[in-house]
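The values are calculated or read from the model by the stated rules, or taken from the named source; none is laboratory data. It should be emphasised that the depicted structure is a prediction, and the values quoted were computed from it without experimental measurement. Positions of Cβ are backbone-derived with ideal geometry, glycine not excepted, and every protein chain shown enters the neighbour counts.
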């Protein structure tokens, strides 16, 4: 068996394993809201590409035409797990170009070792295991683009460039920076063909950026300021609970989480400069969610760090072959240790066997059906994405409200449970169905009295107490990581 074939097998195994873990996470109601958001958007790909969380077309938030490619499988299977499978496969496809780039610069055996490190790289595993997001395409598409330019296959490079620009609008900025740096380098080295391609990539990136903000958002119905700017409004922080000061230890810790598993070898080459815009995007936010490892935000810099790792190992190997091999072995061990003891995926929280309570939640999904205006919590929203009227939370006083008392410490319970309780007490909401702490309410129902509301609240507290005793303190860990 050739080494390249072994790499493809590793890629397939990576996708298969991460998809299997994703199935468990979904089946045990631990998937988050992004899975529901993208299910809603892609399921309406021919009817506005919209979702209730963003209040309209996804194009008002992000330029992501690449997710259109997900529509056939999602609509055919009618299951959000189709998106989980696509993301696992997409991230797995990041491994072959790493090998192809490495093979030109070191022995095949060492290049295969580099691929193993990439497959175990905790930030990549975390970005794969998290809920589906368009960023999940970034590692593979970017690395294939870098391979194509490295191999002087400019036709393929142009195709991958278009695909990258269709992932999200921030790719326009990141690729423009990379193209500008590459152009300067290739001009200095006299590589006319690559310099011209870099110039074309720069022009395409700028044009895409302008096209999204001047044309696409307007056509999609955007009327307000671009929503993601809230990450960078340092002078007017609306919700300080999710914010961190500029001197927060979380930022340097996040950077170390990126480079330590690679034994710092990614810093041994000037190519690391390509990762700087991605790091600036996540670290420049005052909201710590962007620099929490295990979220999709890391996918913008992961491919460039892995590319720098390949070139860094190659550079070290040329000068000191023994050290180069030792660094690959060291990085392999470091990646395994992180995945076992400090994984950004939080295996213990997101994975586990199905329980009787999960069966109750299954029954709740069956009772909801489709085309039902229901407000609910993150983990349930991930299961009702094919309902175009379902949404996250209760802020708009939906016709129906589905809650789960076992998620007692979640943001949903803190923010929305009190208003629902008031609605029950004053008769605006009536309990339609309840089992093991899972409750479905109807707005406008009659017969709900103050006494009934108090009785149900006492029952809910009893369920919460049992749930806490059963699940411990892990319930809330990572609830808002998506």
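Points to keep in mind about this one:
- The range 1-31, subset surrounded by fewer than 22 Cβ atoms within 10 Å (Cβ to Cβ) and not in a helix (DSSP H, G or I), residue modelled with the lowest pLDDT: 1
- Candidates 218, 205, 182, 172, filtered to the one that is farther than 25 Å from residue 285 by Cα and crowded, with 18+ Cβ neighbours inside 10 Å: 182
- So residue 244, is it in contact with a helix residue (DSSP H, G or I) (Cβ under 6 Å, 6 or more places away or on another chain) and either in contact (Cβ under 8 Å) with a residue 12 or more places away in the chain or not assigned by TED's automatic domain parsing to the domain that holds residue 120 (or both): yes
- Scope the range 205-220; condition within 20 Å of residue 145 (Cβ to Cβ) and either outside the structural domain of residue 160 (by TED's automatic domain parsing) or modelled with pLDDT under 95 (or both); matching residues: none
- The set of residues from the range 284-323 being in contact with a helix residue (DSSP H, G or I) (Cβ under 7 Å, 6 or more places away or on another chain), surrounded by fewer than 18 Cβ atoms within 10 Å (Cβ to Cβ) and assigned to a helix (DSSP H, G or I) comprises 288, 289, 323.
- Criterion (touching a strand residue (DSSP E or B) at 6+ places or on another chain (Cβ under 6 Å) and surrounded by fewer than 18 Cβ atoms within 10 Å (Cβ to Cβ)) met by exactly one of 395, 399, 422, 354: 399
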